[in-house]
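Data first, discussion second: the structure below is written as C-alpha cells.
Every read-out reported here was derived from the displayed coordinates using simple, explicitly stated rules and does not represent laboratory data. On a predicted model such as this, the values are computed, not experimentally measured, just so you know. All Cβ positions, even for glycine, are placed from backbone atoms using ideal geometry, and neighbour counts span all protein chains on display.
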Amino acid sequence: MKQIKDLKTRLPRKVLIFAVLLPALLAGCGNHFASDAAGSNGANAGAAPAAAESAAPSPAQTAAPAASPAAAYPLVVTDELGHEVKLEAPPERVFAPYMEDSLVVLGVKPAGQWANNGQGQTYLQDQLADVPLVDFTSGLPSPEVVMALQPDLIILHNAYYAENGVYEQYSQIAPTYVFKQAAGDLDHSVTVLGELLGKQDAAAQGLADYRSKVDAARSELAPHMAGKKALIIRFNSRGMFLMGGVYGGFVLAEELGIAKSDLVATENSVDLSLEVLPQIDADYIFLANDSMNSGETFVKELKESALWKSIPAVKAGQVYEVDDRYWLGGGLVAYGKVIDDVLEILVP
C-alpha cells in the first residue's frame, strides 16, 4: 500500500460608543450560555458550527461586476428571523463570529474573532493576527465579553446562536442581525454582509472571483473525474464520520461536480464504524482530523484495521490527509483553498 499523502505540508498550487445597559441585562448572566445545537455529529459547542443541510449556492456572475450604488444610512433591514435592524451609519466595529472568512473577502477587520480553546481559524490568521480572540469553547460569550468589544453591529451566522435569550441580550448591546444559516448559501450571505457594511462592490467582486475559480477548476477536473467518486472522512474526539454535502464535501460535490459515495448520497453526516468500511465505494478518500477535537485515536484505529487496508482506494494509494482548518470551514477563502488542494491531488 502506498503511503498516505499529507496535504498539510504541501505547497499551494497558486502561487462606538459604549452603550449603558439596563441593570436587568447583566443580572444573573454567567460567563457562557447557549450551546451550538447545530452540530450534526455531537461535537462540543466550541467546535466549528455545522453547515446547512442544503448548501447549494445561487449562481454568481463570473465577469467583473458593475459598480453598485452605496448603501444609504440610516439603513433599516429585517433579518432572517424577522427582527428589524437599524444602522445609523456604516458599521466600523463588527462582531460576526465564524463569519470572519466572509469579512476578509470584504476587506473588513472584525472587532473580535471566533476562537475555540484559544485558537482562531488558523487559515485566516495572516490577516487577523491582531484581532482579539473571543472564546466559544463552552458556548457563546457572555454579554459582558461582547460589550467589551464595543461593537456597533453584531451578526450571528446561524439561528442557533440566537436562542436561549442570546438575541435579546446581544441586541441591547448593538444592532444584531441573525442569519438562519449563513454557510448554507454564500452567494446570499456575502451579498447581505456587503449591504449591511456598505461593501456591495467588494462582495460582488469576491463572489465573481470565486465563481470564476470554480468554473475553471471544474473544467480542469472533468476529464479526470468521469465516473469517479470521492469521500471525506472526518475525525474528532467523538469518533469517525463520513461527510456529505457540507464544508469540503460541498466543494467536491456541488462546486466541482465530483460524484459522492453512495454512503452519503442523501446525508450530510454519517457515523462510521469499522464494519461499514467494506461498503466504501469512493475512488478517492480524504481524511480530515479535526484539530479542535483531536481524533488521533480514531485515525490510528482506522489505519490499523485490516478492513481499511482492503479498500480499493487505500490499496491504490488514493487516500489523502488534508488540512481540516479549511476543509472543515465554510467561506469563500476556505473553499478556494480546498479547490487548490483538489487540483493539486487529482490533476496530473
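General observations
- DSSP-assigned coil residues among trypsin sites (Lys or Arg not before Pro) in the stretch 201-250, each with at most 15 further Cβ atoms within 10 Å: K228
- Close amide H pairs (under 5 Å, H built 1.01 Å from N) link I232 with M243, F286, residues at least 5 positions away or on another chain.
- 3J(HN,Hα) along the stretch 130-138, derived from phi through the Karplus expression 6.51 cos²θ - 1.76 cosθ + 1.60 where θ = phi - 60°, amounts to 9, 8, x, 7, 10, 6, 10, 4, 9 Hz, with x in place of Gly and Pro.
- Full-extension gain in nm, K228 to E344, via 0.36 nm per residue minus C-alpha separation: 40.1 nm
- Secondary structure note: in the stretch 214-346, about 40% of the DSSP beta bridges are antiparallel.
- Restriction of the chymotrypsin sites (Phe, Trp or Tyr not before Pro) in the stretch 295-348 to DSSP coil positions whose beta-carbon has at most 13 other beta-carbons within 10 angstrom yields no sites.
- Distance between the stretch 116-177 and the stretch 213-274 - C-alpha centres, whole angstrom: 30 Å
- Taking the Cα centre of the stretch 163-274 as origin and assigning +1 to Lys and Arg Cβ atoms and -1 to Asp and Glu Cβ atoms, the resulting dipole is close to 380 debye.
- Working note: Karplus 6.51/-1.76/1.60 with θ = phi - 60° gives the stretch 223-238 the couplings x, 9, 10, 4, x, 9, 10, 10, 8, 10, 10, 9, 10, 8, 5, 9 Hz, where Gly and Pro are set to x.
- Paired Rg and Dmax values of the stretch 120-242, which use every Cα atom, in angstrom: 18.7, 55
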